[in-house]
1. Sorted by average packing, counted as other Cβ atoms within 10 angstrom per residue and highest first, what order do 27-37, 143-153 take?
2. Working only with C-alpha atoms, what are the Rg and Dmax values of the stretch 154-229, expressed in angstrom?
3. What percent antiparallel are the DSSP beta bridges of the chain, to the nearest 5?
4. Pop the C-beta distance of Gln218 and Ser14 into the FRET formula with R0 = 25 Å and round what comes out to the nearest 0.05.
5. Give the ranking of Leu85, Leu48, Leu138 by solvent-accessible surface, highest area first, calculated with a 1.4 Å probe.
6. For Ser128 and Asn97, FRET efficiency with R0 = 41 Å and r from the beta-carbon atoms, rounded to 0.05?
7. Using the heavy atoms of the protein chains alone and a 1.4 angstrom probe, what is the accessible area of the chain per residue in square angstrom?
8. Can you list the lysines whose alpha carbon is less than 26 Å from that of Lys178, not counting same-chain residues fewer than 8 positions off?
Amino acid sequence: MSTRVIILRHGQSSYNSQGRIQGRSDLSILTDRGVEDARLTSEAFQGLKFDKVYCSPLQRAQQTATTVLTGLGQIDRLQTDDRLLEIDLPLWETLFNQEVREKYAEQYQAWKQRPHQLKMTLPQADGSEREFFPVLALYEQATNFWQSILPQHQGQTILIVAHNGINRALISTALGIKPELYHSIQQSNCGISVLNFSGDWGDRVQLESLNQTSHLGQKLPTLRPQNQGPR
């Protein structure tokens, strides 16, 4: 029996529209467009019954999930899970993208070209410092989520509502895509991806669709800022 997993990124947020780094900060909320796209997603899901819905506890994801599920009459299936938190970028959160490119030029280059090697040195309460690798930690977080969740939902359909980074990590770990290729997968606001697991973690996985946006009136996902070429 296969387990069908539908993965949804939250709708456009205030920080998305402002060009800020969000990470795990919880100051950003959905814009009017983000709410409308969540409503359109709910319409696209009409006729689908979810056995369980897992959501990031950050409010932009919860707003999206609540809007989608209210339209479906399935709000009772919603459960938050800390393992769906967005990638942790503590030194960059709330900064504008341009600020990060200028202030953390070397790290930003690693982020774009060698994401698995991105390292942040974080001060600790006792005065010491700790080295932290955000992308590698995110992949471990995604793997832990799959290993815990999949055995509970054999033969069922579940919905995950989370963020750009963690969604990429979920898809990548399921398909065996290495952290070096973290940026090779795009997740648009309210983009839909679908995975079918043939059994437990480590068994065969089918990628049914990736980053669908046609339900939002976009035949193809729009290019990410400062990106060009094939998608």
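1. Working: 27-37: 18.5, 143-153: 15.6.
Ranking, from highest mean packing down: 27-37, 143-153.
2. 13.2, 41
3. Details: 17 of 30 bridges.
Of all bridge pairs located within the chain, approximately 55 percent are antiparallel.
4. 0.75
5. Numbers: Leu85 30, Leu48 50, Leu138 0 Å².
The residues order as Leu48, Leu85, Leu138, largest area first.
6. Numbers: r = 30 Å, r/R0 = 0.74.
It comes out at approximately 0.85.
7. Values: 11020 Å² over 231 residues.
The answer is 48 Å² per residue.
8. Output for Lys178: Lys112, Lys119.
The values are calculated or read from the model by the stated rules, or taken from the named source; none is laboratory data. Quick caveat: nothing in here was measured; it's all calculated off a predicted structure. We place every Cβ from the backbone using ideal geometry, glycine too, and count neighbours over all the protein chains shown. What goes into the accessible areas is simple: the full protein's heavy atoms, side chains included, and nothing from ligands, DNA or RNA. Shrake-Rupley method; radii C 1.70, N 1.55, O 1.52, S 1.80 Å.
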